[in-house]
Every structure is written in structure tokens, then in C-alpha cells.
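Here the structure is laid out as C-alpha cells; the discussion comes afterwards.
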Amino acid sequence: MKPRRVSPPISNYKIPDYDINFFWNGKKLTAKKGDTIASGLLANQQDIIGRSFKYHRPRGVMSAGVEESGALVTIGDGAYTEPNISAPTEQITEGLCVYSQNAWPSVRFDIGSILNQFSRFLAAGFYYKMFMGIPPFEWGRGTSIWMFFEHFIRKAAGLGRASRLADPDIYEHLNTHTDILVIGSGPAGIRAALTAAKSGADVLLVEQDFLIGGSYLSQPDKIEFIELTEQLTAKNITILTGTTAFGLYDDETVGLIERVSDRHENITQKLPRQRFHICRAEKIILATGAIERNYAFINNDLPGIMTVSSARTYLNRHHLLVGEQIIISTNNDSAYETALELKNAGANVTILDAREQIGDNLLQKIVSNQIHLYLGSAVAKAENGFNSASIKKIQIAELGKNGWQSAGSLRCDCLLISAGWSPVIHLASHQGFPINWSEENACFYSSGNSKTIFLAGSAAGIWNRQGCIQSAIDIFNIEANANDSAHQKMGGWDTPIKPLYEIRLASLKGKAFVDPQHDVTASDIRLAHQEGFISVEHMKRYTTLGMATDQGKMGNIIGLSIMADALNAPISEVGVTRFRPPYTSICLGALAGRHRQSHFKPIRRTPLDQWSLRHSAIMTEAGLWRRPWYYPEKGEDLNKAYIREATTARRSLGICDVSTLGKIMVQGPDATEFLNRIYTNPFAKLPIGKARYGIILRDDGMVFDDGTTWRLAENNYLMTTTTNNAASVMTRLEELLQVRWPQLKVHVTSVTDQWAGCAIAGPNARNLLTNCVDKPDEMSHEALPFMGVKQIYLKNIPCYIARISFSGELAFEVYVPSDYAPSLMQMIWQNAMAFDSCLYGLEALGTMRIEKGHVTGAELDGRTTIDDVGLGRMASANKDFIGKSLRSRQMLASPNRPQLVGIFPKDKSKKFSAGGLLNEAGKTNSHPLGWVTAVTYSPALGHWIALGFIEGGLQNTKDKQIILTDELRANFLDIEIVSPHMYDPEGTRLHG
Amino acid sequence: MIQIICPFCGKRDHSEFSYGGDGEITYPALDANEESWHDAVFLRENIYGRQIETWQHIHGCRSWLLVDRDTKTHEIFSVKLAHLDWHILLEKNR
């Protein structure tokens, strides 16, 4: 195969004509501006471009589009490496580095090609069979043989390798809206866009190629096309080239990937590499064209074999004649135009047509142009030369009385195939629109939904240009006259297509590929059938047909027809697998867009964030929030810091940012009734100026959330929730008020972000606050008893103050509008200097709550009942509340349910960590009795402690020896089960 | 990528909404027996076709909605505020 440049047939289409350089496996080559990698490599006579997936067979350019299965390359270097690029779709830019794939040491001489000789061991499902062991003794049965071979297989099989480096490019997301979206800019697409624009509609035309035009670009005469592009400009139609519509989704939503900056050229502007558009349209026209098919015959993957239409593209778009001795094998009319053009460009052309007769019109043209024509003929086998991997000869099959039979051979340097066309119905299939088989046209087709999604042109199975254009116009006509069914019919050839999927002669042996990209052969399909994988979905997965990067664009139908043949059923009954997005490979980076690294999710700061950072806080992510974790003093690590903080708070005074607690205003005449229904404990008689701890259950009786609720006025409550459940509690309250109890007059407002809070805990807490108020008795026990709430001025700062405690110490929580938070904290912290005091973070907060046995999300994980956590007394027997009915289910009352307990190590010097299970000694291999939820070192007790759940709780484990098993860390520890209230169980400290 | 027409806010992307559940369940009174609560909480039809669902316009007006939707085609036939009094008021003032 010796492709060469020829002069453009008609010079009316101005294209830039200058040379650019690129690198092929490190070697500098020259191409023309406008070349694709495929045309550039062909122009440099590179017939072998890649090695195949499994057998390492040499492969060359097989097409001129996204269906490419042979010329897959890797482009770029380092972090910019991108593997498995379809060479016919990527434009060559100055200095582009292109590499061959799956070959060592080189693509021309590849050691891996020895696998071709062992192919009988690599048939469909060979890896599944390896699990069954090697006969006759099933040696290696199970996974061991797979484990042994996996390494070699992974190394030998495959395509390109992705870079392990982080993606250095930037990507953007866009929401794009348009009245009419036209996908594809060939004859039908352009006409659809122009017709749509007539009515004044907003039209977006997208084209996956880097140039618009579709099949116009492959035509010698471009006068009509140039006129049309001028009209597109005049009509103000938005055109996006290099933009793939990769998926069609509900409600006329299309995913578009727009390739914006070509990162391999010098970029002066800072543009994103790609944009991911979520495009919404009123109507979508799929003018996505059709893909020319191959058929199965022996060695149909040799370099030098490609589709007829691709040879036409290389000739008329890239001015490249792909061979001198060209054989065309066809079963339809579409190949003849190309044959004439190739002949005119100077090649010797021979046509093998599987049909036994063709129209007189075509016949005359062929004869008068001295093109050899063999009717009733096809290719049975392709052969390469003695010292070349490329095609040199074909064996012909002729239609005789008893079917196909051998009929001599012909020499050639290029073989072009056209075994019919498959409309690109992928997008219609994404939405599940019906896909039907047309026997007459030997293709699958879809009609969209006829309301908002339409197919036009060859995507609708129309094969001639005028018909394609008319079908685009009809879409808008049919709408005007809803009953007009005179739309364009499928087909459009003089002589109908003769289905041709495989030529198989008993006398010839070799591999006939169905899906060359995944090295699936015709015999693999038959093997799948023989082994019972007859459903197309099973056959696909067993043979991996159509599961390579091209998703079976060319080969699927051959596979289906072979299966149909084996089943003795029509293709329409065998059916087709549903296409899934994306239509072609897309970058994950484009889907991620800017949502990466620190932009992956927003940082939610408390109003005291900056203040805490200025006071040396180390922050941690806790749920949605960034919170102070600990406040190290000189040289302290986390462990030293939190122990000092918790110790100081218990000894004297600690101050903590608690702004993240969920806060919801519950207001209205029925607020009391509402709270009384959602909390398990009674709220009807909560006095104004008092807070109450409450538990909310789900409908199924499990604990949902807990927190304190403050009665600020008759019909005005401030509810607090746990930090993590703030949003879901709010949603739940709204659901109850809007859906279930619309008659209740209650309004709920989330005020989490409006109020900042700080906890002041420790024996000196009241002394500190007394120093901050005008009249000392405002802070007395009588003025602010336990669970008391009131408005107060602390050094002129208006606050709400409540005497509530999470730490178990005498403690207060002070809330101010968020803007006041730093001044409040600053004032409190300055006054705290007079005491032995500290700021404490989340870690010390956690330590103190574990010591007290206070539950959080780690314990209230949605599987625990109120009794499991020892709060059963909080479920009122005298009123109704949510979850009451189902909480009394028999199984939930079982005394053997896991219950909350405290855990001490028997040897108090032992440290242990979270993640362990609780087992009875001697039964560590049986089902565990429980688990650990939270672990800490307890400064108050002087040893490590934990909270956890164990079957039957404290009662049931009194006489048992329990072991904490941590298999992963090989840690086994004798433990003692104790009450969860491990520190100050009487609560004397709470009352100061 | 369905879109839901919120009665307050208009046509919005479904990413602004949060799915609730089966909109045809009538929850029993709080003091109803275990069996009726069991049926309301745990028994669900798995409908392949039209059903009424609750959704909340969580990144919008926060209304709870009753959405009549086809689970097969994702077609939405109607959207109402779940709070019927509000719905009637809204329709009246439209």
C-alpha cells in the first residue's frame, strides 16, 4: 500500500496548503495543515499503525471516522498523554507527538504477535474457562491459575496506557439552552438548521469533526457546500465544531463535549481544554449520519483494508489516493461514485459486487470508465505479501448454485469494503426509543419520538443526498400538517442492497474479525452460541463484542447476523443491545469540570473560623463543616492538645465554638402541639425560659435525631439539632407540616447560619460569665437554673444564654447573631484570661462526651432504638408521638438487642483504637456480640475508654469475659463492660 | 435530567429537587395500631408506570410537591403543592 498525494480535483474550495511537522514514535514526519493523524500517517506511507488488543496483529487505518478500530494511537507526553485516540478524528497540530500502542519493541516488529499463534487458547470466554482449571485434572481450579496468569495477560492485552499524573488541564461546565439543537452538519443537518432558523428559532448546530460539512467534505465538488455555509452565517446560527453530542437524556437534554483549546499547540489565551455543556433544547434533530460496515472474511483486518467511504474522504478531503491497485468489494450502490473518483485520480479499480445485477445507469458508467466489475462476487480471504504485513492479494468467492464458492484470486495493494450502512441511532437508543430492523435496507433504524426528537438524513436510513435534504425539510413541514405522512422513505438506491455479513468457505482457514478492536472473530460468536450464550446481551458480554472503545459501531451487526444465522432466526428477532452513553470516549476531567481538589465541595466555615485560626486552631472537616479540631500550644500534637484541653475544661474552664449545631425556629399557634408530636418526651408543659432535651424518632420507631429545644415565648421555640442532621431534620419538619399535618399552624425557619454559638464549660464557667454581666445576680443559680434560657447582655452584646451541658460540667451555651460572633468570642476569651482556661476543639469535645456517655451520630446510626441507647424513659407513655407505634414492635423490645455500654480495658495501661468487635472469650470466631462506636483517652479517668453496643447490654455481660478483637491490627484485648456513664454518673458536676 | 415545574418557581432542573417517596400513602393517626403503621411505612408498590410521588424543591422554595410521574418514561403529568390549602390559594391568585 503506497498512498500518495494527488492534486485537488476542483480548486474552488480554499483550504490552507502548508506543511506542518509531527512526530510518529519520535520520528519527525511532515503533513499538511488540515490532516488528521490517519491521513498524515497514510501520506507518510505508514501502513501499520497499531497492534491489536489480544493477538497483537498489525493494524492500519480502517476508516475515516469515530468507528476506527485499527488506527488507535496515544498522543501527547507526560501528564498530557491521552491513549486510544481514533487517528482519523484527531487533527494534526504543529509538533504533535503520536505513539503506537500495544506493541514492543516496535509496532512493525512486535514480540507479542506470537500470541496470534496461540489464539486457540484465547477464544471467547478464555478467562472464565481458566477458573475451571486445565484439563484433564483441572489443574489450578479456582482462582490460583487465574492469579498466576493474570499478570501476563494484563501485560499482553490491552490498548494504550493512561498517564498516572494528575490532569494539568482545566475544564468548564456550561448550561446551554436553545430552541432547536441539530446534531451533525452534513447535508441533512445543515438543511435542518437553515429550515429551523427560518421561523426565527434559536438554532445550535453541533459537529463532532473539527470542520463542519459532514459528507460534503468527502465530495469532490464543494460549490453547494460553500453556498450553504454562507447561509448559515447569514442566519446567525450558532455552530460548535469539535463538539460531540455524547448522550441523550430525559426532557430533551443532551450532553455535549466541546473541545476548545488544542492543548498541543501554543496557547496564548487561557482557555479550558474542553467544555461540558448540559444542553437543553425544545427540539432535537439527529442528523448524525450513517457508518459504513465491513463484513467478516478471513484476514479482513489486514493493513490496507478500509471502508469505501473512507477512501473517498482521504481522496477528496486530504487529496490522498490510498492505493494504485484498488479492489472494491460492495453489496450496494454507494461504492460506485467512489470507484469513479478513484479511477479518475489515477488508480486501477476493480469492483466485486455481491449482487448479481446492478442498474444499467451504473453499469454504463463503470464500463465507459474501464473499471473491472465482477458481479455476484465477494472476498473470501485477504493475504499479505511475503515481506509485508499489508494486503497483497485476495481470494475471491463467487455466488454459484450451492452458495459461495472459491473463484480464483486477484492482486491488489488496497481493498475497500462496503457491506452496507448503519444509521447512527445511538442517541435515540439512549432514550429507549424503539429500534427496528429494516429487512429491505439491512439496517436498524429509529424514528425518535416524533414530537421533540427527530432523525434526518442517513441517520434515518435515507441513502441519497436529495432524500436526506428533503427529510430535514419534512421535519418542519410535518409539524405544520400533523397528519401529513408523506415524509421521505428509507432507502434510495436503484438496486437494493444484498445483505452480506460473512463469507466463509470450508476450504479456507483463518481469522475473520467481527470486532477488530477487541479481536472478536466470527468463530467466537459461533462458540458463544455453541456454549449457550444466545441472548445478544449474554453473547456481547461473553465475547466482549462491541465493548471496546468504539462500542461496536462497525462490527455489532455482523455479530448479530452470525448469531441469527446460528439460531436460524431473522436479525429482527435476535435484536440489538441498547446503546449507552457516551457515543464516543469522553474525558472524565470534562465531567468533573472545576469540581476538583479544593473546589470539590464548598468549605462551610463557622462565623468563628477566622477567629479560631488566629488562635492557632488546627481545623478538621466534620460533615459539611470546617471546625476547630484542637488548639495546640507550643510543640503539642493532637493527643497532647486534646488531653490538656479536656483536663483544663474539667478542672477550671474551657470555651468551644458550637456554631455548627442545627438551629430551627419553630413558631406559630400550634408550635407546642407540633413539638409534642415529634418529640418522644412531653413538651406541652415546657415553661417559657426553659430548654428541654428531646429525641425525635422516625416513623419506623428508630432514633432520628436529638437536641435541646428552648421555649423563648408562648409560640416561639428555638430547636437545636445535631450538626450532621440539621438539613434532614428541617426537611422532615417541612414534610410533616406540608404533607402530613397541613392543618397545624406552624412555621419553621432554619437559622443555623444566622446564629453563632459558643459553649462555656467548667467549674469556673459561671464565675467567668458573672464578670461579664452588669448585675452579678443575673447569673445566679436562681436566675439561670439548670436548663434555663434567657436573653442577656454580656458586656453590651445582646445574647441568648442557656444553661445546658454536653461536657457534663457546669456549662452554658451563648448564642449571638453571626456577625457578633468574633466580638463575643474575643470578649469572652479576654475575660477568661483571669482564670485557668483554654479553648477546646472537636477532639476534646468528643472526649468529654464519651466520658459522659452522651450519644452522637456514631451511636444514633439509624439502627438504634431509644431503649438501645438507654433513654427509654424519655419515651412518654401518656401521649402520642411519631414512631410510637412501631417502636413497640415485639422484636425491638427483645432484651438481647445490642445496647449502649461503656468499655474499659482490664489492664488500664492498654491503648486501643476504634473499629474493633466485641466477642466472648473463646468464641472469637463466632458472630460477634457487639461493636465499638467511639474511643478516646479519658483524662478524667486516666486510661483509654470507649462506647459501644453489646447484645443484652451491661446486664447480659456481667458474668462473661469479653474480648475486643481487632483482626486487622491483630489486636486482642480483655475488656470490662461498664455503664456508658463512665464519668460523674450522678451528674453532680453539672449543677456546679 | 428531568425537569419539574414547581408551582411557585416554574420549570427547574431536577437537581434542585429532592425525592421524597410514595405520594399516595395515607399515614395513620399517631395512636393507630402497629399493623396499620407497618403497612404505611413498609409496604410499597413498585410501579412501572404512572404514580404519585412526593418531591421537595429543596434548593428553591422548599415546597413539598405531589408529582404525577411515569416511572417508565419519566413523563410528568402534573405537579401540585402537597399542602392543598396553599395549592388552592396559589391557583386562585394565578
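Count, please, the residues in the stretch B:37-72 that happen to be within 8 Å of chain A (Cβ to nearest Cβ), surrounded by 13 or more Cβ atoms within 10 Å (Cβ to Cβ) and not in a loop (DSSP other than H, G, I, E, B). Explain how you work it out, then say what you get.
Restricting attention to the stretch B:37-72, the residues satisfying the condition of being within 8 Å of chain A (Cβ to nearest Cβ) are B:37-38, B:40-42, B:54, B:56, B:58, B:62-64.
Keeping just the survivors that are surrounded by 13 or more Cβ atoms within 10 Å (Cβ to Cβ) gives B:37-38, B:40-41, B:54, B:56, B:58, B:62-64.
Checking which are not in a loop (DSSP other than H, G, I, E, B) leaves us with B:37-38, B:40-41, B:54, B:56, B:64.
So the answer is 7.
Here are some conditions: (1) under 25 Å from A:L545 (Cα atoms); (2) outside the structural domain of A:R51 (by TED's automatic domain parsing). A:Y128 meets all but one. Which one does it not meet?
Looking at each condition in turn, A:Y128 falls short on (2).
Do we have any residue at all in the stretch A:635-642 that's surrounded by 21 or more Cβ atoms within 10 Å (Cβ to Cβ), in a helix (DSSP H, G or I) and assigned by TED's automatic domain parsing to the domain that holds A:N764? Please lay out each step first, then the result.
Residues of the stretch A:635-642 that are surrounded by 21 or more Cβ atoms within 10 Å (Cβ to Cβ), as a first pass: A:641-642.
Checking which are in a helix (DSSP H, G or I) leaves us with A:641-642.
Now narrow it down to the ones that are assigned by TED's automatic domain parsing to the domain that holds A:N764: A:641-642.
Yes, because at least one residue in the stretch A:635-642 is surrounded by 21 or more Cβ atoms within 10 Å (Cβ to Cβ), in a helix (DSSP H, G or I) and assigned by TED's automatic domain parsing to the domain that holds A:N764.
Go through the residues of the stretch A:708-722 one by one and say whether even a single one is among the charged types (D, E, K, R) and crowded, with 19+ Cβ neighbours inside 10 Å. Reasoning before the result, please.
Applying the first criterion (among the charged types (D, E, K, R)) to the stretch A:708-722 yields A:711, A:714.
Subsequent filtering for residues that are crowded, with 19+ Cβ neighbours inside 10 Å retains A:711.
Yes: one or more hits.
Restricting the stretch A:885-915 to residues that are within 14 Å of chain B (Cβ to nearest Cβ) and of a type in the set (G, A, S), which is surrounded by the most Cβ atoms within 10 Å (Cβ to Cβ)? Please lay out each step first, then the result.
The initial filter retains those residues of the stretch A:885-915 that are within 14 Å of chain B (Cβ to nearest Cβ), namely A:885-893.
Right, trim to of a type in the set (G, A, S) and you get A:885, A:888, A:893.
Details: A:S885: 25, A:S888: 14, A:A893: 12.
Out of the qualifying residues, it is A:S885.
Given the residues A:L340, A:L373, A:L410, which is the only one that is assigned to a helix (DSSP H, G or I), in contact (Cβ under 8 Å) with a residue 12 or more places away in the chain, surrounded by fewer than 24 Cβ atoms within 10 Å (Cβ to Cβ) and hydrophobic (A, V, I, L, M, F, W, C)? Spell out how you get there, then give the answer.
Details: A:L373 fails: assigned to a helix (DSSP H, G or I); A:L410 fails: assigned to a helix (DSSP H, G or I).
The match here is A:L340.
Please enumerate the residues belonging to the stretch A:591-613 that are touching a helix residue (DSSP H, G or I) at 6+ places or on another chain (Cβ under 9 Å), farther than 30 Å from A:G247 by Cβ and of a type outside the set (S, T, N, Q).
Selection gives A:I603, A:P607, A:L608, A:W611.
For the stretch B:73-81, does any single residue satisfy the condition of being closer than 24 Å to A:Q431 by Cβ, within 12 Å of chain A (Cβ to nearest Cβ), assigned to a strand (DSSP E or B) and not aliphatic (A, V, I, L, M)? So that I can check it myself, show each step before the final result.
Within the stretch B:73-81, the subset closer than 24 Å to A:Q431 by Cβ is B:73-79.
With the extra rule that they be within 12 Å of chain A (Cβ to nearest Cβ), the set shrinks to B:73-76.
Next, only the ones that are assigned to a strand (DSSP E or B) stay: B:76.
With the extra rule that they be not aliphatic (A, V, I, L, M), the set shrinks to none.
Scanning the stretch B:73-81 turns up no residue that is closer than 24 Å to A:Q431 by Cβ, within 12 Å of chain A (Cβ to nearest Cβ), assigned to a strand (DSSP E or B) and not aliphatic (A, V, I, L, M).
Please verify whether A:L918 is in the same structural domain as A:D868 (by TED's automatic domain parsing), within 41 Å of the chain's Cα centre (by Cα) and buried (at least 18 other Cβ atoms within 10 Å of the Cβ), treating the condition exactly as stated.
Working: in the same structural domain as A:D868 (by TED's automatic domain parsing): yes; within 41 Å of the chain's Cα centre (by Cα): yes; buried (at least 18 other Cβ atoms within 10 Å of the Cβ): yes.
Here the answer is yes, as A:L918 does meet what is asked.
Regarding the stretch B:15-29, can at least one residue be identified that is assigned to a loop (DSSP other than H, G, I, E, B), closer than 24 Å to A:H430 by Cα and touching a strand residue (DSSP E or B) at 6+ places or on another chain (Cβ under 6 Å)? Write out each step before concluding.
Kept after step one, since they are assigned to a loop (DSSP other than H, G, I, E, B), are these residues of the stretch B:15-29: B:17, B:23-29.
Restricting the remaining residues to those that are closer than 24 Å to A:H430 by Cα gives B:17.
In the following step, the residues that additionally are touching a strand residue (DSSP E or B) at 6+ places or on another chain (Cβ under 6 Å) were identified as B:17.
Looking through the stretch B:15-29, at least one residue is assigned to a loop (DSSP other than H, G, I, E, B), closer than 24 Å to A:H430 by Cα and touching a strand residue (DSSP E or B) at 6+ places or on another chain (Cβ under 6 Å).
Quick check on A:F786: is it within 27 Å of A:R651 (Cα to Cα) and aromatic (F, W, Y)?
Working: within 27 Å of A:R651 (Cα to Cα): yes; aromatic (F, W, Y): yes.
Here the answer is yes, as A:F786 does meet what is asked.
Looking only at the stretch B:12-35, count how many residues are of a type in the set (D, E) and within 7 Å of chain A (Cβ to nearest Cβ).
Narrowing the stretch B:12-35 to residues of a type in the set (D, E): B:13, B:16, B:22, B:24, B:31, B:34-35.
Still in the running and within 7 Å of chain A (Cβ to nearest Cβ): B:31, B:34.
Residues in the stretch B:12-35 being of a type in the set (D, E) and within 7 Å of chain A (Cβ to nearest Cβ): 2 in total.
Find the helices (runs of 4 or more DSSP H) located wholly in the stretch A:541-592 whose residues include 2 or more that are hydrophobic (A, V, I, L, M, F, W, C), buried (at least 18 other Cβ atoms within 10 Å of the Cβ) and touching a residue at least 40 places away in the same chain (Cβ under 8 Å), and list them.
Numbers: elements: A:556-567, A:571-574, A:588-592.
So the answer is A:556-567.
Can you confirm whether the stretch A:346-354 contains a residue that is surrounded by 24 or more Cβ atoms within 10 Å (Cβ to Cβ), touching a strand residue (DSSP E or B) at 6+ places or on another chain (Cβ under 8 Å), touching a residue at least 60 places away in the same chain (Cβ under 8 Å) and not assigned by TED's automatic domain parsing to the domain that holds A:S507?
Yes, there is a match, as at least one residue in the stretch A:346-354 is surrounded by 24 or more Cβ atoms within 10 Å (Cβ to Cβ), touching a strand residue (DSSP E or B) at 6+ places or on another chain (Cβ under 8 Å), touching a residue at least 60 places away in the same chain (Cβ under 8 Å) and not assigned by TED's automatic domain parsing to the domain that holds A:S507.
Evaluate the following for A:L712: is it of a type outside the set (G, A, S), in contact with a Phe, Trp or Tyr (Cβ under 7 Å, 6 or more places away or on another chain) and in the same structural domain as A:E673 (by TED's automatic domain parsing)? I'd like the intermediate steps shown before the answer.
Numbers: of a type outside the set (G, A, S): yes; in contact with a Phe, Trp or Tyr (Cβ under 7 Å, 6 or more places away or on another chain): no; in the same structural domain as A:E673 (by TED's automatic domain parsing): yes.
When the stated conditions are applied, A:L712 does not pass them.
So how many residues does the stretch A:722-777 have that are more than 30 Å from B:L84 (Cα to Cα) and not aliphatic (A, V, I, L, M)?
20
Looking at the stretch A:676-688, I want the residues that are more than 14 Å from chain B (Cβ to nearest Cβ) and have a partner that is among the hydrophobic types (A, V, I, L, M, F, W, C) and part of a loop (DSSP other than H, G, I, E, B) with Cβ atoms under 8 Å, at least 6 apart or on another chain. Which pairs are those?
Pairs that qualify, where the first residue is more than 14 Å from chain B (Cβ to nearest Cβ) and the partner is among the hydrophobic types (A, V, I, L, M, F, W, C) and part of a loop (DSSP other than H, G, I, E, B), are A:N681/A:A875.
Listed residues B:L84, B:L30, B:L65, B:L89; which is of a type in the set (A, V, I, L, M) and within 30 Å of A:I278 (Cα to Cα)?
Values: B:L84 fails: within 30 Å of A:I278 (Cα to Cα); B:L30 fails: within 30 Å of A:I278 (Cα to Cα); B:L89 fails: within 30 Å of A:I278 (Cα to Cα).
It is B:L65.
Tell me which residues, restricted to the stretch B:82-94, are surrounded by 16 or more Cβ atoms within 10 Å (Cβ to Cβ) and facing chain A (nearest Cβ under 9 Å). Show your work before the answer.
Let us first name the residues in the stretch B:82-94 that are surrounded by 16 or more Cβ atoms within 10 Å (Cβ to Cβ), namely B:82-83, B:86-87.
Of everything in the stretch B:82-94, those that are surrounded by 16 or more Cβ atoms within 10 Å (Cβ to Cβ) and facing chain A (nearest Cβ under 9 Å) turn out to be B:A82, B:H83, B:W86.
Among the strands (runs of 3 or more DSSP E) confined wholly to the stretch A:205-319, which include 2 or more residues that are farther than 29 Å from A:R59 by Cα and in contact with a strand residue (DSSP E or B) (Cβ under 9 Å, 6 or more places away or on another chain)? So that I can check it myself, show each step before the final result.
On the way: elements: A:238-240, A:243-249, A:253-259, A:274-286, A:290-292, A:305-307.
In the stretch A:205-319, the matching strands (runs of 3 or more DSSP E) lie at A:238-240, A:243-249, A:253-259, A:274-286.
Are any residues in the stretch A:740-793 under 30 Å from B:L65 (Cβ atoms) and in contact with a strand residue (DSSP E or B) (Cβ under 8 Å, 6 or more places away or on another chain), and if so, which ones? Break it down into steps so the answer makes sense when it comes.
First pass over the stretch A:740-793, keeping only residues under 30 Å from B:L65 (Cβ atoms): A:740-755.
Within the stretch A:740-793, A:V746, A:H747, A:V748, A:T749, A:S750, A:V751, A:T752, A:Q754, A:W755 meet the criteria.
Give the residues of the stretch A:208-260 that are hydrophobic (A, V, I, L, M, F, W, C) and within 14 Å of chain B (Cβ to nearest Cβ), sorted by residue number.
A:A245, A:F246, A:L248, A:V254, A:L256
Filtering the stretch A:844-868 down to residues that are among the small types (G, A, S) and assigned to a helix (DSSP H, G or I), which residue is farthest from the chain's Cα centre (by Cα)? Steps first, please.
Pass one, the stretch A:844-868, residues among the small types (G, A, S): A:844, A:846, A:853, A:857-858, A:862.
With assigned to a helix (DSSP H, G or I) added as a condition, the list becomes A:844, A:846.
Values: A:A844: 39, A:G846: 36 Å.
Per the criteria, the residue is A:A844.
Of all residues being away from chain B (no Cβ under 14 Å) and touching a Leu at 6+ places or on another chain (Cβ under 6 Å) in the stretch A:274-293, which is farthest from A:C468 (Cα to Cα)? Just the residue, please.
So the first thing to find is which residues in the stretch A:274-293 are away from chain B (no Cβ under 14 Å), and the list is A:274-275, A:283, A:285-293.
Right, trim to touching a Leu at 6+ places or on another chain (Cβ under 6 Å) and you get A:275, A:286.
Values: A:R275: 31, A:L286: 12 Å.
Ranking the candidates gives A:R275 first.
Could you please give the count of residues in the stretch B:10-20 that are within 15 Å of B:S78 (Cα to Cα) and either touching an Asp or Glu at 6+ places or on another chain (Cβ under 8 Å) or not charged (D, E, K, R) (or both)?
In the first step, residues of the stretch B:10-20 are kept if they are within 15 Å of B:S78 (Cα to Cα); the result is B:10-12, B:14.
Then keep just the ones that are either touching an Asp or Glu at 6+ places or on another chain (Cβ under 8 Å) or not charged (D, E, K, R) (or both); that gives B:10, B:14.
The qualifying residues number 2.
Does the stretch A:677-684 include one or more residues that are surrounded by 21 or more Cβ atoms within 10 Å (Cβ to Cβ) and polar (S, T, N, Q)?
Applying the first criterion (surrounded by 21 or more Cβ atoms within 10 Å (Cβ to Cβ)) to the stretch A:677-684 yields A:678-680, A:683.
Now drop any that are not polar (S, T, N, Q), which leaves A:680.
Yes - at least one qualifying residue is present in the stretch A:677-684.
The values are calculated or read from the model by the stated rules, or taken from the named source; none is laboratory data. Here the structure is a predicted model, which is why all the values come from computation and not from measurement. Glycine also receives a Cβ, built like all others from the backbone with ideal geometry; neighbour counts cover every protein chain displayed.
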